[in-house]
Amino acid sequence: MPIVNKPDSKPKARSVDIVGMTDVGCVRSSNEDCFVIQPLHLDLSDLNTASLTHLSEHGDLFVGVSDGMGGAAAGEVASSTALSTIADVLINKAKMLGDCKVETMVEIVEQAVQQANKSIFEAAQANKAQKGMGATMTALYLRGDKAFCFQIGDSRAYVLRGDRFCKITRDQSFVGHLVEMGTITEEQAARHPQRNVILQAMGSADKLKVDVSFLPVCQDDLFILCTDGLYSELEAKDLEDKVKYLAENGYNLAHKVNVLIDAAKNSGGHDNVTVVGLQFKGDYPEREPGEDPKFQPFPFTDEDNPFGKMFQIQN
């Protein structure tokens, strides 16, 4: 009788470590940044909860960072409203999200972003003390071994895969637009006099163009979400070298995140700095030869391109 190899009926052993930290920095008196780590199978999480270690056999996951603007009376309100509103919407639609197609999932998350934006916009219109407030947002929605990024403004997401460190979001900023067109380099953008001008912010208009991208997750990937308080203090090569050094020397995720925040502060710490790290472990797909991480837009039409209209917003 021939031997038949039965398919393995055991569930795939996967886990993700998640650590978030936020710091006021060395110059500012208040912290307008915030972050959220929200597994959709759990109750609504508090903002700025430090970590979720070894989250295994999880369902969908939402993680985001937000950088508020508008001063102490408004920036913190904007960033916290952005993330708490989105997380609340997604929790309430968790069952629908778990059963729907990818296109529907993206639409639901986009609608949640629009709802959060509307809340900030209306609050700013109604309260003189909060007039002009807004927030950037970089968020990651994880489903299985696919990560989807939702972008407003100039916070960022990076991935370290093997020896490749790559930015996987597109800055919705004036200099980001110039880099994309090939007019200036990333190094020139970091020193450009208009580097703080962003094209969109949550709360700046009654409707936004959400930049959506996606990336398949591979085994041992390290994702980093951060506000501009991290990358604006470090040269791109210095940030890459530091992340690679931390990964190569086996430091735990909390140490990695803490070192990155300290590096930004040691370089001046002129802004609030927020970092969330996600380390994927276990039976995720292995990296294929030549399969480097990169920015990959989720299909959208030209009119959805946020770079088609420039909002002059000072961050």
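The values are calculated or read from the model by the stated rules, or taken from the named source; none is laboratory data. Since we're looking at a predicted model, the values are computed, not measured. Quick reminder, even Gly has a Cβ in these numbers, built from the backbone with ideal geometry, and neighbours come from all protein chains shown.
Report yes if some residue within segment 239-261 is small (Gly, Ala, Ser) and on the phi > 0 side of the Ramachandran plot; otherwise report no.
Yes, some residue in segment 239-261 is small (Gly, Ala, Ser) and on the phi > 0 side of the Ramachandran plot.
Residue by residue through segment 70-81, note down the ones that are touching a strand residue (DSSP E or B) at 6+ places or on another chain (Cβ under 6 Å) and surrounded by fewer than 24 Cβ atoms within 10 Å (Cβ to Cβ). Can you show your working first?
Here is the first cut: in segment 70-81, the ones touching a strand residue (DSSP E or B) at 6+ places or on another chain (Cβ under 6 Å) are 75-76, 78-80.
Passing the criteria: GLU76, SER80.
Residues that are in contact (Cβ under 8 Å) with a residue 60 or more places away in the chain and touching a strand residue (DSSP E or B) at 6+ places or on another chain (Cβ under 8 Å): does segment 82-96 have at least one? Yes - at least one qualifying residue is present in segment 82-96.
Among residues of segment 65-76 that are on the phi > 0 side of the Ramachandran plot, those with a beta-carbon under 8 Å from a residue that is modelled with pLDDT of 80 or more and in a strand (DSSP E or B) at least six positions away or on a different chain give the pairs GLY70/GLY134.
Counting only helices (runs of 4 or more DSSP H) that sit completely within segment 148-254, those holding 1 or more residues that are among the β-branched types (Val, Ile, Thr) and at pLDDT 95 or above correspond to 236-248.
The criterion of at least 3 residues that are under 18 Å from LEU225 (Cβ atoms), modelled with pLDDT of 95 or more and touching a Cys at 6+ places or on another chain (Cβ under 9 Å) is met by the following strands (runs of 3 or more DSSP E) wholly inside segment 1-93: 61-69.
Apart from one condition, THR136 fits all of (1) over 19 Å from the mean Cα position of the chain (by Cα); (2) at pLDDT 90 or above; the exception is (1).
In the set (1) free of Cβ contacts under 8 Å to residues at least 40 places away in the same chain; (2) more than 17 Å from the chain's Cα centre (by Cα); (3) surrounded by 13 or more Cβ atoms within 10 Å (Cβ to Cβ), the condition left unmet by ALA124 is number (1).
Pairing residues of segment 186-209 that are on the phi > 0 side of the Ramachandran plot with residues that are modelled with pLDDT of 60 or more and assigned to a loop (DSSP other than H, G, I, E, B), at Cβ distances under 6 Å and at least 6 apart in sequence or on separate chains, gives GLY203/MET133. Filtering segment 116-147 to residues that are of a type in the set (A, V, I, L, M), over 14 Å from ASP228 (Cβ atoms) and in a strand (DSSP E or B) leaves ALA139, LEU140, LEU142, ALA147. Residues in segment 127-143 that are of a type outside the set (S, T, N, Q) and either without any contact (Cβ under 8 Å) to a residue 12 or more places away in the chain or more than 25 Å from VAL159 (Cα to Cα) (or both): LYS128, ALA129, LYS131, GLY132, MET133, GLY134.
Answer yes or no as to whether ASP271 is at pLDDT 95 or above and touching a helix residue (DSSP H, G or I) at 6+ places or on another chain (Cβ under 7 Å). It is true that ASP271 is at pLDDT 95 or above and touching a helix residue (DSSP H, G or I) at 6+ places or on another chain (Cβ under 7 Å). Restricting attention to segment 255-274, and to residues there that are in contact (Cβ under 8 Å) with a residue 60 or more places away in the chain and part of a loop (DSSP other than H, G, I, E, B), which single residue is surrounded by the fewest Cβ atoms within 10 Å (Cβ to Cβ)? Residue satisfying both the conditions and the ranking: GLY268.
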